[in-house]
Amino acid sequence: MKHRSASLCAALVLSAVAALSGCSSEGDPVSFAPKETAKPGESAASDVRMPTHPREWTTQRELPDGTRVVRTDLTGPKSGFTGRVWAWVPKQYGRPEYKDSAFPVLMALPGAVGYPTNYFFSKEFRLQERIGEAADKGESLPFIVVMPVLNANKDTYYDGSDIPGQPKMGTWISDDVPDLVRENFRTYADPKGWGFFGSSSGGYVGMKMVLQYPERFSVAIAGGPDAAPDSPLWNGHPKEKQENSPAWLAEQLIKKSSPTSGPTSSPSSGAKGGSKSSPKSTPKSSPSTGATKGPTTGPKVAISFLMGTKEPKQEVAALEKLRQEITKGPVETRVTSFEGGHDGYKYTDTLFNGDLKWMSDRMRGPVAAK
């Protein structure tokens, strides 16, 4: 669905570019280096990774609660791609009782062209403010939010994949950006410490990542994603294209899990993190399915699809077909519908009407010292 809402994409990109131009590149420097205890990479808890190589970040904008959205430029050691990454840590991160605790990471991936910016850092979306408010109400974990560029240029999109002969944007998202996060922040080794929220093409990439690397990431909330890879750059590479499709990746994951029983239903989260800009009608969530009762081997993942009532019927049907195919064994899915169309703002609003709580219930939060 990434290619069909040009006017919306332009509006979203312009809002983010305006935010960029409103903050000097000579913004205040920020470092998240630990002030005491723990050698890099070590912690009292075996699954807590302490920062290994903190760098200096630049302030992008400051929030009313004193926290900051920061940015840095990264040349990926594995992908070779150079792009910008924004990040935000919640106020709980700096509190003494959490100094040895990991925090969950939410990677927020944009739709539109996804380059050279990521609109989720902007004040127009208020993603960080709303997560902070939801965490204060107990409706969300206090996530570290990480917002990388999604594509290598403005000309086309890469499906979050290493397309032969092209910049390795799959490795950028799966390896380089998470490695940057681990270098700078306290994180979990457990995949339940890592999740995605994405809009349109960003939703597709988040969904793909949890299916492709379930040992690294566990939950994705995908707003209006495509059901299959469709970048024109795949032309001439049918095998690689298939191996980067959600259907194929889910099939491999399901085969490895060795389920002993069929899919079962689990209740959807009924919690809501209301906001003033929420959709007029309350989003409706289908029951979650997957996650078999019997024993399985390997990791489990969960995906929530956010779909507007005015999304193109053909694309909704394709996504529902995919969902039915992949929902078994280790793969849990659900659909949250809302009144509206293919809209990054609506996906963000819907995130705070139950889905962020649903994600939080499946991930690990920080643990305060006793």
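Within the range 302-325, track down each residue that is of a type in the set (A, V, I, L, M, F, W, C) and either surrounded by 21 or more Cβ atoms within 10 Å (Cβ to Cβ) or without any contact (Cβ under 8 Å) to a residue 60 or more places away in the chain (or both).
ALA302, ILE303, PHE305, LEU306, MET307, VAL316, ALA317, LEU319, LEU322
Yes/no per residue for (1) surrounded by 12 or more Cβ atoms within 10 Å (Cβ to Cβ); (2) of a type outside the set (A, V, I, L, M, F, W, C); (3) at pLDDT 95 or above; (4) part of a loop (DSSP other than H, G, I, E, B):
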site: GLU42; (1), (2), (3), (4): yes, yes, no, yes
site: ALA45; (1), (2), (3), (4): yes, no, no, yes
site: GLN60; (1), (2), (3), (4): yes, yes, yes, no
site: GLY66; (1), (2), (3), (4): no, yes, yes, yes
site: LYS78; (1), (2), (3), (4): yes, yes, yes, yes
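Can you tell me which of PRO54, PRO29 is over 22 Å from GLY193 (Cβ atoms), modelled with pLDDT of 80 or more and open to solvent by 20 Å² or more (accessible area, probe 1.4 Å)?
Result of the check over PRO54, PRO29: PRO29.
List the number of the failed condition for ASP73; all other conditions in (1) part of a strand (DSSP E or B); (2) open to solvent by less than 10 Å² (accessible area, probe 1.4 Å); (3) among the acidic types (Asp, Glu) hold.
ASP73 satisfies all of (1) part of a strand (DSSP E or B); (2) open to solvent by less than 10 Å² (accessible area, probe 1.4 Å); (3) among the acidic types (Asp, Glu) except (2).
Is it the case that the range 180-187 has a residue that's in a strand (DSSP E or B), within 17 Å of VAL70 (Cβ to Cβ) and at pLDDT 95 or above?
Yes - at least one qualifying residue is present in the range 180-187.
Mind listing just one residue for me: the one in the range 326-345 that is under 16 Å from the mean Cα position of the chain (by Cα) and buried (at least 23 other Cβ atoms within 10 Å of the Cβ) and, of those, nearest to VAL89 (Cα to Cα)?
Of everything passing the filter in the range 326-345, GLY344 is nearest to VAL89 (Cα to Cα).
Kindly provide the set of residues from the range 153-182 that are open to solvent by 10 Å² or more (accessible area, probe 1.4 Å) and closer than 16 Å to THR72 by Cα, ordered by number.
Hits for the range 153-182 are ASP179, ARG182.
Select from the range 102-157 the residues that are assigned to a strand (DSSP E or B) and farther than 18 Å from MET363 by Cα and list them in ascending order.
Within the range 102-157, LEU109, MET147, PRO148 qualify.
Here is a list: PRO295, PRO246. Which entry is over 21 Å from the mean Cα position of the chain (by Cα) and either over 22 Å from LEU351 (Cβ atoms) or modelled with pLDDT of 95 or more (or both)?
The unique qualifying residue is PRO295.
The values are calculated or read from the model by the stated rules, or taken from the named source; none is laboratory data. For clarity, every value in this text was computed on a predicted model and none was experimentally measured. When we count neighbours, we look across all protein chains shown, and the Cβ atoms used for this are built from the backbone with ideal geometry, even at glycine. Protein only, heavy atoms only, side chains kept; ligands, DNA and RNA dropped before computing areas. Shrake-Rupley method; radii C 1.70, N 1.55, O 1.52, S 1.80 Å.
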